[in-house]
Amino acid sequence: MIDVLIAEDEPGILESLDFILRRAGWTVSSATDGDAALAAARQLSPRVLVLDLMLPKLSGFEVLKQIKADQATRDIPVLVLTAKGQQRDRQIVEELGADGFVTKPYANDDVVGAVRRLLDAARPRPQP
């Protein structure tokens, strides 16, 4: 099972995210466009999707919308990467069902902490 699927088209950002998330101990896969991200989310069922909004082929907005509308993928927590100052984008993705946000430029600890919170929130609770 893949812990984190990263949907990011900028090679430097993707490499950085991949490195910090693997260093935190998670298994990571990636997609560099919206079509591939949607297909990977459906095929891999990651525990968390880290989603950039500005993706080629299919925007991050559309990926999020389709993931949250699909019975098979709607429970995947989605952490959206938003550009600083893009308040309208954040409002839209909240309405589409995003589970968390990290603003670019971000500190590595911010991303790791946000992914950890989403993974912890999604973890099944032990039955009493």
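Side notes on the structure shown:
- Selected residue [crowded, with 17+ Cβ neighbours inside 10 Å and touching a helix residue (DSSP H, G or I) at 6+ places or on another chain (Cβ under 7 Å)] from 97, 34: 34
- Top-ranked residue in segment 75-85 [being over 19 Å from residue 36 (Cβ atoms) and in contact (Cβ under 8 Å) with a residue 12 or more places away in the chain; ranked as surrounded by the most Cβ atoms within 10 Å (Cβ to Cβ)]: 82
- Single condition residue 43 does not satisfy, out of (1) surrounded by fewer than 17 Cβ atoms within 10 Å (Cβ to Cβ); (2) modelled with pLDDT of 95 or more; (3) outside any helix (DSSP H, G or I): (3)
- Any chance residue 63 is within 18 Å of residue 117 (Cα to Cα), β-branched (Val, Ile, Thr) and touching a helix residue (DSSP H, G or I) at 6+ places or on another chain (Cβ under 9 Å): no
- Only one entry in 112, 102, 63 is closer than 19 Å to residue 9 by Cβ, of a type in the set (Val, Ile, Thr) and at pLDDT 95 or above, namely 63.
Per-residue answers, yes or no, for (1) out of contact with any Lys or Arg (no Cβ under 9 Å at 6 or more places or on another chain); (2) free of Cβ contacts under 8 Å to residues at least 60 places away in the same chain; (3) polar (S, T, N, Q); (4) outside any loop (DSSP other than H, G, I, E, B):
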{"position": "9", "(1), (2), (3), (4)": "yes, yes, no, no"}
{"position": "17", "(1), (2), (3), (4)": "yes, no, no, yes"}
{"position": "26", "(1), (2), (3), (4)": "no, no, no, no"}
{"position": "51", "(1), (2), (3), (4)": "yes, yes, no, yes"}
{"position": "56", "(1), (2), (3), (4)": "yes, yes, no, no"}
{"position": "66", "(1), (2), (3), (4)": "yes, yes, yes, yes"}
{"position": "72", "(1), (2), (3), (4)": "no, yes, no, no"}
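The values are calculated or read from the model by the stated rules, or taken from the named source; none is laboratory data. Nothing here was measured: the structure is a model prediction, and the numbers come from that model. So basically every Cβ, Gly included, is an ideal-geometry build from the backbone, and we count neighbours across all protein chains shown.
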